[in-house]
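Input: a single structure, listed below in structure tokens.
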Amino acid sequence: MTEGNKGPPIERNLGENRPIPRRDFIQGALVGAATALTGPLLKAYAADSVDFGAGAQGRPGYYPPLLNGMRGSHPGSFESAHALRDGTKPGAGLDTGEVYDLVVVGGGISGLSAAHFYRAQTSSRTRILILDNHDDFGGHAKRNEFQIGGRTLLLNGGTLEIDSPRPYDAAAAGLIKELGIDVAALKKVEHPEFYSGLGLQRGVFFDKETFGADQLVVGAGVVPAAKLLAGSPFSQRARQDYVRLNEGAIDYLPGLSCDEKKLTLSKLSYRDFLRDVAKVDPAVIAFYQPRSHGEWAVGIDAVSALDVWAFGFPGFQGMKLAPGVISRMGYTPSGYAATGGSETLHFPDGNATIARLLVRNLVPGAVPGNSVEDIVTARVDYGRLDRPDSPVRLRLNSTVIRASNVGDPATAREVVVIYLRDGKAYKVRARGCVLASYNAMIPYLCPDLPEKQQAALHGAVKAPLVYTSVALRNWQAFKKLGIADVYAPGSYHSSFALNPKVDIGDYRSPSSPDDPILIRMLRVPTQPGLTEHEQNKAGRAELLATPFATFERNIRDQLARTLGAGGFDPARDIAAITVNRWPHGYAAEFNPLFEPELPPAEQRQVVSRAQFGRITIANSDAGAAAYTDSAIDQAYRAVGELLRTDT
Ligand SMILES: Cc1cc2nc3c(=O)[nH]c(=O)nc-3n(C[C@H](O)[C@H](O)[C@H](O)COP(=O)(O)OP(=O)(O)OC[C@H]3O[C@@H](n4cnc5c(N)ncnc54)[C@H](O)[C@@H]3O)c2cc1C
């Protein structure tokens, strides 16, 4: 199965050429600036004068959560970093004269947490500058906001929710609590039974390019497998194999002990397990190929059978595998299996709520209100984020291109940080610097790092993925078809779902199928046959080369084919599209298929995060775990290192 752009020639009117009347869904001053869905939106903010402070983010109406088109790693955010990677030499930088206690590179959850921890352990007057290359803060924890049909609709453009394979530890749990998030008490804002209460179930869409015919079947996970597949284009043999895999209790590795089975499964991809051990029909393998996209951002060819077992993939029911650790080094297939995982909580904009709470604390006055409930509908005043009178400043659209110790790293007492904004280089000084950015880019910022550390940092290849938010004028088609979400193994986006219902503070999710609603679609660009990291790199290149128009065409085609029988008309029913492209998505985690298991001191993330003079390294790569708690924990450690060696 190929994962490329398989959209057929458009023969019917999908509405892609119909201009979406922007006043339908965008309010405020941005309307005048953002004239085309696909346009270089940053142009609208182009600075026309030197401005060390507020810059574009200080302009009236600056409110990036409302922007549509290509978001996530949006045009304008990454080009100067790539130029640096490709050999462009950074200039000396115009001296801003600014001196800080701390400069944080990266305004994601890790960078914002680093600022929080540093201030908490020093003083409220501590001067901190946070620099981020995007037009919004939060990193992956990105808010998508839509004004449609007179109501505000929210969705996570990246980080979905508080959720980790491990219970949050003291640093992460402490921060969440300090921000006022009582996970257990707030569970009541979620309504996980809402759609099932309306009789909506999971659908599976078989596409004709992969399975021979376009067909939607309804009731996955609820109706027996044989019944579910009765209406599918699967052959008789594929149906039998699917039923055997899902409902059989077969021990596919008889004669081995539990640990021997786990070891075997850890060295076998799930694709190879299906093909060579369970010996299922190729159509069943094609069916499962993207099933791992959401959790690992790669297909089942690059995820071990042991890892997917821990997530409840089928085929292991008869194998008597006990939960837990399998090796001397402590490799656990998934922490979920060993610990049950963390508590979970989904805010309407995902963990962007955490980022916004951090910013509210760091920059008083920038985010109105004082509770978790009211922050969901609060409008951030971006003009207040970078003011000279504020001890903590958050400067957006600013790509750091150099972070250097002044003098010998062993004795340095100061760092110089150079960043690019609007094509110009600026210089600031500080007593310390936390790099809460991407590990793989750090060697370009700090070329003096020891070679071994640089090699380890380069090895942190993040997995690319896309969360697409689509605003629909209503969800009658979902109601008619009896579906709330769809798994689409051969389609451009491998799944999509109605936005989970969450009512918090003044925010009310849609409740009637006549209401406008948002759906979230998942796409992961993969190239089965390559190693995981080769696939990640190829996928990243593909993402950056794919124009918004290609996404839009595929989205319209996919929704028309899947929902058409329910009366869905993409030309009429799609109100807006936001493609959250994350070329540097999930942090690289240990993958037993491609890497030897090393003792802790030799592991990539441990070698990578060594302190370098007055520079320390946070971000989720430093924990080799693509989770919010890892981003927070690493910030805590990095700040601790800096403060312990502050003279
Ligand atoms: C689509 C998606 C869904 C996810 N869902 C979940 C989830 O449900 N639960 C969960 O716990 N985790 C989830 N994660 C993982 C989680 O989001 C991350 O682990 C965490 O948010 C990472 O935070 P961070 O601050 O380390 O990195 P980031 O969020 O990437 O922030 C780093 C910031 O630094 C910026 N930066 C990089 N280089 C520079 C530079 N040179 N100059 C200036 N700025 C720079 C980056 O552009 C970015 O804005 C998800 C991740 C993705 C991509």
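Bear in mind that the values in this text are calculations on the coordinates, not laboratory data. In this text, all values refer to a predicted model and were calculated from it rather than measured experimentally. We place every Cβ from the backbone using ideal geometry, glycine too, and count neighbours over all the protein chains shown.
Worth pointing out:
- Pairwise centroid distance, computed over Cα atoms, of the range 444-477 with the range 221-269, Å: 33 Å
- With semi-axes defined as the square roots of five times the eigenvalues of the C-alpha gyration tensor, the equivalent ellipsoid of the range 410-514 measures 47, 20, 13 Å, largest first.
- Environment charge at THR344 (Cβ cut-off 13 Å; Lys +1, Arg +1, Asp -1, Glu -1): -3
- For VAL502, the residues whose modelled amide H falls within less than 5 Å of its own, excluding neighbours fewer than 5 places apart on the same chain, are SER509.
- With all projection directions averaged, the alpha carbon convex hull of the range 480-627 covers 13.6 nm².
- Using alpha-carbon coordinates, inclination of helix 109-121 to the longest axis of the chain, degrees: 40 degrees
- Loop-located chymotrypsin sites (Phe, Trp or Tyr not before Pro) in the range 101-159 whose Cβ has at most 15 other Cβ within 10 Å (DSSP): none
- Ordering SER232, SER437, SER371, SER110 by the number of other Cβ atoms within 10 Å of each residue's own Cβ, fewest first, gives SER371, SER232, SER437, SER110.
- Under a model in which nothing but the beta-carbon of Lys, Arg (+1) and Asp, Glu (-1) is charged, the chain shows a dipole of about 660 debye around its Cα centre.
- Sparse-neighbourhood loop sites, trypsin sites (Lys or Arg not before Pro) in the range 265-327 - DSSP loop, at most 16 other Cβ within 10 angstrom: LYS267, LYS279, LYS320
- Across the chain, the convex hull enclosing all Cα atoms gives 144 Å³ per residue.
- Rounded to the nearest Hz, the phi-derived 3J(HN,Hα) couplings of the range 573-589 under the Karplus curve 6.51 cos²θ - 1.76 cosθ + 1.60 (θ = phi - 60°) are 9, 8, 9, 6, 9, 10, 9, 8, 8, 10, x, 10, x, 4, 4, 5, 10, where x marks glycine and proline.
- Rounded to the nearest 10 degrees, the angle from helix 236-247 to the longest Cα principal axis of the chain is 60 degrees.
- Whole-Hz ³J(HN,Hα) from phi, Karplus 6.51 cos²θ - 1.76 cosθ + 1.60, for the range 445-450, glycine and proline x: 7, 10, x, 8, 4, x
- ARG413 long-range amide H proximity, modeled H, under 5 Å: VAL406
- By average C-beta atoms within 10 angstrom, highest first, the peptides 62-70, 616-624, 453-461: 616-624, 62-70, 453-461
- Separation between Cα centres of the range 518-552 and the range 341-415, rounded to whole Å: 29 Å
- Filter on LYS262/LYS537; LYS177/LYS262; LYS479/LYS537; LYS188/LYS479; LYS320/LYS537 - keep pairs with C-alpha separation over 32 Å: LYS177/LYS262; LYS479/LYS537; LYS320/LYS537
- Its residues counted as N, the range 178-296 yields a C-alpha radius of gyration over 2.2 N^0.38 Å of 1.38.
- Fraction of beta bridges assigned by DSSP in the chain that are antiparallel (%, nearest 5): 65 percent
- From most to least packed by mean Cβ count within 10 Å, the peptides 386-392, 193-199 give 386-392, 193-199.
- Principal-axis analysis of the Cα atoms of the chain puts helix 352-362 at an angle of about 20° to the longest axis.
- Ascending count of other beta-carbon atoms within 10 Å, so fewest first, for VAL434, VAL639, VAL606: VAL606, VAL639, VAL434
- Close amide-amide hydrogen proximity is noted between SER495 and ALA488, LEU522, each under 5 Å apart and 5 or more residues distant or on a separate chain (H modeled in the peptide plane; Pro and chain starts excluded).
- Distribution of pairwise C-alpha distances over the range 234-339, 10 Å bins, in %: 16, 49, 30, 5, 0
- For the chain, adding -39500 (n - 2.57) for each run of n ≥ 4 DSSP H residues and dividing by the number of residues yields -7500 deg cm²/dmol at 222 nm.
- Taking the centroid of alpha carbons for each part, the range 104-137 and the range 564-630 are 20 Å apart.
- Table column - 3J(HN,Hα) (Hz), the range 204-216, Karplus curve with 6.51, -1.76, 1.60, x for Gly and Pro: 10, 9, 8, 9, 5, 5, 9, 10, x, 7, 6, 8, 9
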